[in-house]
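What follows is a short report on a single structure.
The values are calculated or read from the model by the stated rules, or taken from the named source; none is laboratory data. The shown structure was predicted, so the numbers you read here are calculated from the model rather than taken from an experiment. For neighbour counting, all protein chains shown are included, and Cβ atoms are generated from backbone atoms with ideal geometry for every residue, glycine included.
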Amino acid sequence: MAAKRKLAAMAPVDEDPVDPSDELMFLCLGGGNEVGRSCHIIQYKGKTVMLDAGMHPAYEGFSAMPFYDEFDLSTVDVLLISHFHVDHAASLPYVLAKTNFQGKVYMTHATKAIYKWLIQDSVRVGNISNSSETKVQVYTEADHLNTFPKIDAIDFYTTHTHAGIRITPYPAGHVLGAAMFLIEIAGLKILFTGDYSREDDRHLVSAAVPKDVKIDVLITESTFGISTHVPRLQRETQLMKSITDILNRGGRALLPVFALGRAQELLLILDEYWAKHPEYQKIPIYYNSSLARKCMVVYQTYVSAMNDNIKRLFKERMAEAEASGDVSKGGPWDFRFVRSLKSLERFDDVGGCVMLASPGMLQSGTSRELLERWAPDPRNGVIITGYSVEGTMAKQIVHEPDQIPAITQRGATNTARRPGHREGEQIMIPRRCTVQEFSFAAHVDGKENMEFVQEVAAPVVILVHGEKGNMTRLKSKLLSFNAQKAVPTKIFSPANCEQLRIPFKSDKVAKVVGKLASSIPPPLPPNHHLKKPKSEEENGEPMVLEGKEQEHEQDGQEQQQQDQANPISGVLIQNDDFKISLMAPEDLKEYAVLTTTTVVCREHLTLSAAGVDLIRWALEGTFGAITELDITDAAISGKEEAAAVNGNAHGNGHARKKEEADEEVQRTTKAFRVMDCVTVYCRPGGGRVEVEWEGNMINDGIADAVLAVLFTVESSPAAVRQSSRTHSHSHSHTHTHTHARAPQDDDDIAAQKLGLRFKQPHPLKTPDPATRLARLLMFLEAQFGADAVSPIELPRTPAAHVQAEGKSLGDDGGGGGGGEKDVVMTNGTQAVQQETTTTGPSSSPSEPPFTVAGRPPHSPSAPTSTPTPSISPADAQELKRLHSLGIPVPGIKIRFDGGKYEAKVWLEDLDVESSSAALKARVKAVVERGVEVVSGLWR
Ligand SMILES: [Zn+2]
Ligand SMILES: [Zn+2]
C-alpha cells in the first residue's frame, strides 16, 4: 500500500510543473518563417548548439544578417554549418571575426573546401556591387581568411564530441557536402535536416533517415510546403523542350543559377542531352562562373563522396581519356559541350546559345546584366530552375512583369541613350522574353518531406526554412496525421526571435559507485520502464541502480521496507556525458571524472589590539590544544611579499635591499594550527593576521569559529590594554611602520602583567575527562543539532564489542585502540607537558569514576538523570571498568532525521555503529575531528 501511495505521489502527471533544466530551448535568429539567413539556436541542459550562419540573398549588408543581437553568441558551444549555400554559411566569417563567439565550428570537408572559394568570391563581388553607396561590408576578405582555419572539417557518418555534445553528419543530398546533423545532448537526440533532397539525381547521394536512432526532435526545412514536384523525368523533358524551343526560334536561353550546386546537375543534364542530340551540338552551352571553375577541383576531388551514377561516369571518362592519351581531360566534370566563359567581355554574343550564369537570384552580376540585355527580345527566354527567394528579381520575373529596372551599368547606359529619360529616374527595361520555371531546386517537396517526417517519427517537429504560407500549410497537414496517433506529434513553426520552450521529461538514472555501492544493498528494483513492465504498479522509485549490485534484487514489500530504512546519501556527479553517478564524498577522487581540487581559503584581518600571546590564549581556550609553529616572514605572504621586496630593491639600490633583508630575519612569525586544519599566522607586533584553511564543509565551520574567536579577542578589554605593550617592544628596527600609539607607562606595566598571564596555558586547555566529553558532545551537537545527541548509559554487549573490534581491524584507526594511541600527544610541545602538571589529577586513572548524573550542566539534554534501575551485573562491571579508565559514559547516541537513523559512538575505542553507512561515515569524521579538539579523551 505504501508503495502504491508513493507511486501515486511520484508518478509523473502531465500538469506537473516542468523543471526548466528539462526544457529544450529553440530560437530562430534567421530562417524562421522565411527562406534565407538560416540560423537557429538550440539550448538544452546548459549546452548551446547553433545551426547555420546564413545571409539573406534578398537583402544587403547588416539587414541580410540573422538577428545576432538577440542572442549571446559567446555561450554557443558548437556551430554546425549544414552546407555552403549563402543562406546557410555566408555570415560565418562575421560570426567568427566580429562577434564574441568562441565555440567550435563543424562542417563537412567538401563544404569547407567550397565555402572558402565561395566566400572569397562573394566578398570580391560584393566590393564591386551596384548600389555601393548603401552597401555596408559586413566583413572583409581578411576576416574570412583569418577565421577559415578555425573551422573543423569532418566526414559523414563520423561522430564528434565537444563539450558533451555529440554530433554526426549524414548526407543530405541537396548540394555537394550538404549534411544533416544528428545532435545528441544528455541523451536527447535532435536531427537537423538543413536543406535536403531525397531524389536520385545525377551526382548526389540522397538523404536517408539515420538508422537505428530514435530521434526526439526533428528540425526540418519546409521550402516547398506541401506542393509536390513534377516527377523528375517529366521535369527534365519539359526543361529540355523549353530550352530547345528558345533555340529553335533563334533565341538565347538564360538560366540564372547559383554558381555551385544545381548548376553542376543542370550541366550534367545538358551535356548528356547534347551528346544524344547532334543537331544541337553546334549551339554553345556557356557556363559563366569563375567561382565554379575554381570549385571544379573540389568536385573532381569528391567524386568518391557522390553517387553511383557519377562514379560510373568517372570510370567511363577516365577510360576514354586513357584511350585518347590525354589523361588531363578525364573525369565526369570535364564536359564535352559546355564552354566555360571567363567574363562577358570575351563573350561573342552573336546568336542562339544556352547560358548558365550566376547569381541565381538575378540580383546583380552577370546573370542580371544578361537579363537586362536580353529581356527586350521576344525570341529570348529566361528559365528559372532554382528556388526563388522572396524579394529577389528571380521571384519577380516569374510573374512576367512588363518591364524590369535596369540596375547594372551596361543596362543603364544602354537605356540611358533613349530619349525622354530624366536624371535620377529609375530606368526601366521592357520585358518581352519568355519566362518559365522548372524546379530543379534540390529540396524535398511536400510529399517527400512528410514521408521523411513520418519515417523519423520524432515526437517534436520544428519547421524552418520556409515562407510563412508554405510552412503553415505543411504544419496543418502534419497535424492532421495526429488523428491516427496515440501520442500526437508536436509541430512548431516559430518566427524569427520567437523562443520555443519544449519540455522533455527524462528518467534520471544514477549509478551508485564506489564505497556506497559495496556498503549498501540495492534499495530498489530496476526502473519499471526499463526492466519490469509487469510490476509497474509496485514501483515508483525515482532512482535506478545499475551494475552488478542489481544481482541483489529482492522482491516486493520487503524491498520497499528496506528502502525506507536505507536511503542512500552521497554526492551526485554528472559527467560531461550527462551520466550521473552517486558516490561517497571520499570516492570523488577515484570515481568522479573531476580531479579533486583543494581550495585553500585565506582570510586577512587586521588585529591592531590583540597580540600573539593573547591570540594563542584565546584559541587554546576555545579549541583546546593548538600546535604552535615558527615561520619566517616570507612563507606567510609568499611571492607577493618577496616580489615587493625585490621591487623596492630595484628602486632604492643596495642599501635599501640590505635593510629589507635584515628586517626579514627579525620578522619570524608565529603560527597556530587549530584542530590540524586551520592555521592562524600572526605577525610580531600585531597587525595583519592571516587565517588559512583547506576549504571543505568541516574546515569552513572551524575557520568560522576561529575567525569569531579572533574578532572577540580583538574587541576584548585585555586586547586593548595589551596592544600598547606589544608595540613598545617591537621598535628595534629602524624603518617606520604604522605604530601610531605611544605607550603610557602605567598601562605598559599592566599590559606586561597581562601579557605574562597570556603566556601561561589557558586554564581550559586540557580539561578533565568530563569537560572533554562535554566538549565532544558540544562538537557533535554543533554538527547534528542539540536534540540529536544524547549519552548512552548501558555499555555495549560484549558480543557486539568483539564483533566491532574485529570489524575495526581494517579501519583507518581513527583514534581507536582503547586509548593506547594518544593522538594529540604527538604535539610534543612544551605546552603539552605543562598540561600534565596543571591538570594532573584529572587525567590520572585513579580519578573517581564519573557518573551520568554528574555530567557537567552544559552537556546535552540527557533522557533522565535517574540511574537505570535494571542494570545487569555484567553491565555494572563493564561500567566500572570504563569509569576506571576515566570514561564517564559508555557511549554517545546520535539521532538523525527525526530519529529515523541513529549512530552510536562507543567512547572507549571511538567505534561508530550505524545501520546507515553514510551516517556512520559522517559521525566518524566528526568524532575524529572532535577528539582532536578535546586533546585526547581518556589520558
Ligand atoms: Zn541550400
Ligand atoms: Zn537554403
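Among the residues of the stretch 339-384, which ones are part of a strand (DSSP E or B) and surrounded by fewer than 20 Cβ atoms within 10 Å (Cβ to Cβ)? Break it down into steps so the answer makes sense when it comes.
Filtering the stretch 339-384 down to residues part of a strand (DSSP E or B) leaves 339-340, 353-357, 381-384.
Within the stretch 339-384, R339, S340 meet the criteria.
Look through the stretch 57-82, keep the residues that are within 16 Å of ligand 1 (Cβ to nearest atom) and not in a helix (DSSP H, G or I), and return whichever of them is nearest to the chain's Cα centre (by Cα).
Checking each candidate, the answer is L80.
Going through the stretch 32-46 one residue at a time, which ones are under 14 Å from E70 (Cα atoms) and within 16 Å of ligand 1 (Cβ to nearest atom)?
Hits for the stretch 32-46 are C39, H40.
Under the condition of being among the small types (G, A, S) and within 16 Å of ligand 2 (Cβ to nearest atom), which residue from the stretch 434-450 is modelled with the lowest pLDDT? Even if it seems obvious, please write down each step before you answer.
Pass one, the stretch 434-450, residues among the small types (G, A, S): 439, 441-442, 446.
Keeping just the survivors that are within 16 Å of ligand 2 (Cβ to nearest atom) gives 439, 441-442.
Values: S439: 87, A441: 83, A442: 88.
Residue satisfying both the conditions and the ranking: A441.
Can you name every residue in the stretch 41-73 that is closer than 29 Å to R166 by Cβ, more than 16 Å from ligand 2 (Cβ to nearest atom) and of a type in the set (G, A, S)?
Once the filter is applied, which keeps residues that are closer than 29 Å to R166 by Cβ, more than 16 Å from ligand 2 (Cβ to nearest atom) and of a type in the set (G, A, S), the stretch 41-73 yields only G46.
Every residue, every condition in (1) within 16 Å of H83 (Cα to Cα); (2) out of contact with any Pro (no Cβ under 9 Å at 6 or more places or on another chain); (3) more than 16 Å from ligand 1 (Cβ to nearest atom); (4) modelled with pLDDT of 95 or more, yes or no:
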position: G164; (1), (2), (3), (4): no, yes, yes, no
position: T168; (1), (2), (3), (4): yes, no, yes, yes
position: G173; (1), (2), (3), (4): yes, yes, no, no
position: A179; (1), (2), (3), (4): yes, no, no, yes
position: E184; (1), (2), (3), (4): no, yes, yes, yes
position: F192; (1), (2), (3), (4): yes, yes, no, yes
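Being of a type in the set (K, R), at pLDDT below 70 and either on the phi < 0 side of the Ramachandran plot or surrounded by 15 or more Cβ atoms within 10 Å (Cβ to Cβ) (or both) is the requirement here; does K589 meet it?
Values: of a type in the set (K, R): yes; at pLDDT below 70: no; either on the phi < 0 side of the Ramachandran plot or surrounded by 15 or more Cβ atoms within 10 Å (Cβ to Cβ) (or both): yes.
When the stated conditions are applied, K589 does not pass them.
Just to be sure I understand, how many residues within the stretch 21-40 are surrounded by fewer than 22 Cβ atoms within 10 Å (Cβ to Cβ) and either free of Cβ contacts under 8 Å to residues at least 60 places away in the same chain or within 16 Å of ligand 2 (Cβ to nearest atom) (or both)?
Residues in the stretch 21-40 being surrounded by fewer than 22 Cβ atoms within 10 Å (Cβ to Cβ) and either free of Cβ contacts under 8 Å to residues at least 60 places away in the same chain or within 16 Å of ligand 2 (Cβ to nearest atom) (or both): 2 in total.
From (1) under 24 Å from S197 (Cα atoms); (2) crowded, with 19+ Cβ neighbours inside 10 Å, pick out the condition that doesn't hold for S304.
(2)
Only one residue in M355, M296, M361 is of a type outside the set (F, W, Y) and free of Cβ contacts under 8 Å to residues at least 40 places away in the same chain, so which one is that? Talk me through it step by step, then tell me what you get.
On the way: M355 fails: free of Cβ contacts under 8 Å to residues at least 40 places away in the same chain; M361 fails: free of Cβ contacts under 8 Å to residues at least 40 places away in the same chain.
None of the other options fit; the residue is M296.
Within the stretch 159-176, can one find any residue that is in a loop (DSSP other than H, G, I, E, B), closer than 24 Å to D216 by Cβ, within 16 Å of ligand 2 (Cβ to nearest atom) and among the hydrophobic types (A, V, I, L, M, F, W, C)? First the steps, then the outcome.
Restricting attention to the stretch 159-176, the residues satisfying the condition of being in a loop (DSSP other than H, G, I, E, B) are 159, 163-164, 172-176.
Narrowing the set further to residues that are closer than 24 Å to D216 by Cβ leaves 159, 163-164, 172-174.
Those still in the list that are within 16 Å of ligand 2 (Cβ to nearest atom) too: 172-174.
Subsequent filtering for residues that are among the hydrophobic types (A, V, I, L, M, F, W, C) retains 172.
Taking every residue of the stretch 159-176 in turn, at least one turns out to be in a loop (DSSP other than H, G, I, E, B), closer than 24 Å to D216 by Cβ, within 16 Å of ligand 2 (Cβ to nearest atom) and among the hydrophobic types (A, V, I, L, M, F, W, C).
Just need a number here: residues in the stretch 83-103 that are farther than 15 Å from A142 by Cα and either part of a loop (DSSP other than H, G, I, E, B) or not assigned by TED's automatic domain parsing to the domain that holds Y115 (or both). Lay out the reasoning, then the answer.
The first filter runs over the stretch 83-103 and keeps only residues farther than 15 Å from A142 by Cα, leaving 83-89, 99-103.
Within this subset, residues satisfying the condition of being either part of a loop (DSSP other than H, G, I, E, B) or not assigned by TED's automatic domain parsing to the domain that holds Y115 (or both) are 83-85, 99-103.
Residues in the stretch 83-103 being farther than 15 Å from A142 by Cα and either part of a loop (DSSP other than H, G, I, E, B) or not assigned by TED's automatic domain parsing to the domain that holds Y115 (or both): 8 in total.
Tell me which residues, restricted to the stretch 177-228, are in contact with a Gly (Cβ under 8 Å, 6 or more places away or on another chain) and in a strand (DSSP E or B). Talk me through it step by step, then tell me what you get.
Restricting attention to the stretch 177-228, the residues satisfying the condition of being in contact with a Gly (Cβ under 8 Å, 6 or more places away or on another chain) are 178-181, 185-186, 196-199, 201, 204-207, 221-228.
Hits for the stretch 177-228 are A179, M180, F181, I185, E221.
Condition check ((1) part of a strand (DSSP E or B); (2) on the phi < 0 side of the Ramachandran plot; (3) within 57 Å of the chain's Cα centre (by Cα); (4) at pLDDT 95 or above) across all residues:
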| site | (1), (2), (3), (4) |
| --- | --- |
| E390 | no, yes, yes, no |
| I404 | yes, yes, yes, no |
| I407 | no, yes, yes, no |
| R410 | no, yes, yes, no |
| T413 | no, yes, no, no |
| G420 | no, no, no, no |
| G424 | no, no, yes, no |
| R432 | no, yes, no, yes |
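Of everything in the stretch 177-197, what is more than 22 Å from M306 (Cβ to Cβ) and more than 13 Å from ligand 2 (Cβ to nearest atom)? Give them in sequence order.
Going through the stretch 177-197, the residues more than 22 Å from M306 (Cβ to Cβ) turn out to be 183-192.
I183, E184, I185, A186, G187, L188, K189, I190, L191 - these are the residues of the stretch 177-197 that are more than 22 Å from M306 (Cβ to Cβ) and more than 13 Å from ligand 2 (Cβ to nearest atom).
Conditions tested, residue by residue: (1) closer than 20 Å to H85 by Cβ; (2) modelled with pLDDT under 85; (3) assigned by TED's automatic domain parsing to the domain that holds S82; (4) not in a loop (DSSP other than H, G, I, E, B).
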site	(1), (2), (3), (4)
I243	no, no, no, yes
L247	no, no, no, yes
L260	yes, yes, no, no
Q264	yes, no, no, yes
L291	yes, yes, no, yes
V297	yes, yes, no, yes
S328	no, yes, no, yes
